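Undergrad: Before I ask anything, let me first share the structure, which is written out below as structure tokens.
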Amino acid sequence: MNLKIAVLPLLATLAIGSSSFAVKVGDAAPTFSVEGADGKTHALADYKGKFVVLEWHNKDCPFVRKHYQTGNMQKLQKKWTEKNVAWLAVISSAPGKEGFATATDAQADMTKNRAAVTATLLDSKGQVGQAYGAKTTPQMVVINPNGKVIYDGAIDDKPTPDKADVKIAKNYVDTALEEATAGKDVSTPATTPYGCSVKYN
């Protein structure tokens, strides 16, 4: 098989986000209120006084699957939710687009993957995603207890779907949370997100 032909479909799914974000680090995090896969309404205000992680999710994206099939994402979720961090997976795919999920589908996917999220948000109208300028899955945002964005960008420094890269990657989200929860400034507060493009209408 011609290698160039083989990689074309994969390259077609890769989107490198713009370095100019709709929400800049240091800005107040945009408020939202959206239905979760659990049937409850989840608002950012519900998590006031906590660190919050927003994880843009698309179960069909190979870059997302890399982190879930290796257990990397679940390990990170579990570590921080056990430390009282709210972790919200956000599905901004529109109906009929790759990654769209009904409440039942989203719950089944998270259960299958043994995810340790606080909630899965069904953002099919893209209101949350567009408010935060989310361009890729996974794209990660960390909000501090004062409601300020302290990290926005990629999960790590290996923008590939290669599962082996997880072991050697620098995880920006973990580092940001380690620093912030210790009362330090986040050393790398913004990076360029990578992955599949968010499938808005």
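The values are calculated or read from the model by the stated rules, or taken from the named source; none is laboratory data. Please read these numbers as outputs of a predicted model, since none were measured by experiment. Cβ coordinates were reconstructed from backbone atoms using ideal geometry, including for glycine residues, and neighbour counts include every protein chain displayed.
Undergrad: Considering only region 9-60, state which residues are assigned to a strand (DSSP E or B) and either surrounded by 14 or more Cβ atoms within 10 Å (Cβ to Cβ) or modelled with pLDDT under 95 (or both).
TA: Leu14, Ala15, Ile16, Val34, Glu35, Gly36, His42, Val52, Val53, Leu54, Glu55, Trp56
Undergrad: Only residues that are assigned to a helix (DSSP H, G or I) and either β-branched (Val, Ile, Thr) or buried (at least 19 other Cβ atoms within 10 Å of the Cβ) (or both): list them for region 63-91, please.
TA: Phe63, Val64, Lys66, His67, Tyr68, Asn72, Met73, Leu76, Gln77, Trp80, Thr81
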